[in-house]
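The values are calculated or read from the model by the stated rules, or taken from the named source; none is laboratory data. The structure displayed is predicted, hence computed values, not measured ones. For neighbour counting, all protein chains shown are included, and Cβ atoms are generated from backbone atoms with ideal geometry for every residue, glycine included.
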Amino acid sequence: MSTLHTVNKSPFSHTALNSCLTVCGPDDGVILLEDGVYGAMASAPSHTQLKEILARGIRVYALKPDVDARGIGEKLMAEVELADYEKFVQLSVQHRCVQSWY
Amino acid sequence: MKKILFISRHSPYGTSQAREALEALLAAAVYGQDTQVLFMDDGVFQLVNNQNSATIDQKSLGASLPALPLYDVEKIYVHSESLRNRGISANELVLDSVQIIDSQAVSRLLAQQDQLLSF
């Protein structure tokens with residue numbers, strides 16, 4: 001797998017997630033962390049773009065501790081998978097490069 | 001030799017990130033790596049000509065960028081949509097040797113690298 005994209009900014013106030021999704025390639029993965037987890041909400045402005053990425057088979061994760069901390073677990077898009085820290089480490093080593101969008 | 005892509009996404013004077021990206025980029029180039037740079041999002045503001053940062057007592061970043069080819073950094077990419085969204089045209093840039101590429105080309109560029117460094 002080629003690039004793991006990490007996004008740590010809310011799409012309600014930053015364009016980091018939007019930029020990430022614009023250039024995300026077919027063998028890539030995306031993990032939302034810190035305030036980036038707000039991007040997994042069904043109400044997020046990036047919702048449609050995220051749907052398109054998921055439809056292309058790109059997997060999108062949200063870091064569970066950050067989701068739980070913010071109390072938004074019930075509001076997430078169903079297609080977004082939750083990842084714990086162990087999974088985050090696995091994803092980091094499975095991909096050739098990591099690109100941080102911040 | 002490793003292929004390293006520096007991704008510079010922040011504007012020149014509001015934070016030190018753009019300056020730090022340039023310094024790290026030049027250092028990597030001196031060590032003889034295959035060093036490339038991509039400007040996208042607000043990072044394209046670094047390339048705007050006629051910067052006069054003396055007015056805010058800062059060194060001009062725009063004036064430093066033309067040094068890149070002297071350090072053998074010849075692959076300089078600029079994201080076309082980032083330019084277009086900000087109303088900046090190619091002839092307003094401090095460098096004329098840049099390659100202006102669309103999102104799909106950026107995607108392919110990322111996939112070719114051994115290392116990505118984001119600033």
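Considering the range B:50-119, the qualifying strands (runs of 3 or more DSSP E), each wholly inside and each with 2 or more residues that are touching a residue at least 60 places away in the same chain (Cβ under 8 Å) and polar (S, T, N, Q), run over B:115-118.
One line per residue, one yes/no per condition, for (1) outside any loop (DSSP other than H, G, I, E, B); (2) within 14 Å of chain B (Cβ to nearest Cβ):
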{"site": "A:21", "(1), (2)": "yes, yes"}
{"site": "A:25", "(1), (2)": "no, yes"}
{"site": "A:49", "(1), (2)": "yes, yes"}
{"site": "A:54", "(1), (2)": "yes, no"}
{"site": "A:69", "(1), (2)": "yes, no"}
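Within the range B:99-119, the set of residues being touching a Ser or Thr at 6+ places or on another chain (Cβ under 6 Å), facing chain A (nearest Cβ under 7 Å) and buried (at least 18 other Cβ atoms within 10 Å of the Cβ) comprises B:110, B:118.
Summed over the range A:27-47, the residues that are in contact with a helix residue (DSSP H, G or I) (Cβ under 7 Å, 6 or more places away or on another chain), assigned to a loop (DSSP other than H, G, I, E, B), more than 18 Å from residue A:4 (Cα to Cα) and not polar (S, T, N, Q) give a count of 2. Every residue in the range B:1-34 that is among the β-branched types (Val, Ile, Thr) and outside any loop (DSSP other than H, G, I, E, B), please. Hits for the range B:1-34 are B:4, B:7, B:30. Scanning the range A:71-94 for residues that are outside any helix (DSSP H, G or I), modelled with pLDDT under 95 and either exposed (fewer than 15 other Cβ atoms within 10 Å of the Cβ) or touching a Ser or Thr at 6+ places or on another chain (Cβ under 6 Å) (or both) returns a single hit, A:71. Tell me whether the range B:35-46 contains one or more residues that are outside any strand (DSSP E or B), modelled with pLDDT under 95, more than 13 Å from chain A (Cβ to nearest Cβ) and in contact with a helix residue (DSSP H, G or I) (Cβ under 9 Å, 6 or more places away or on another chain). Yes, the conditions are met somewhere in the range B:35-46.
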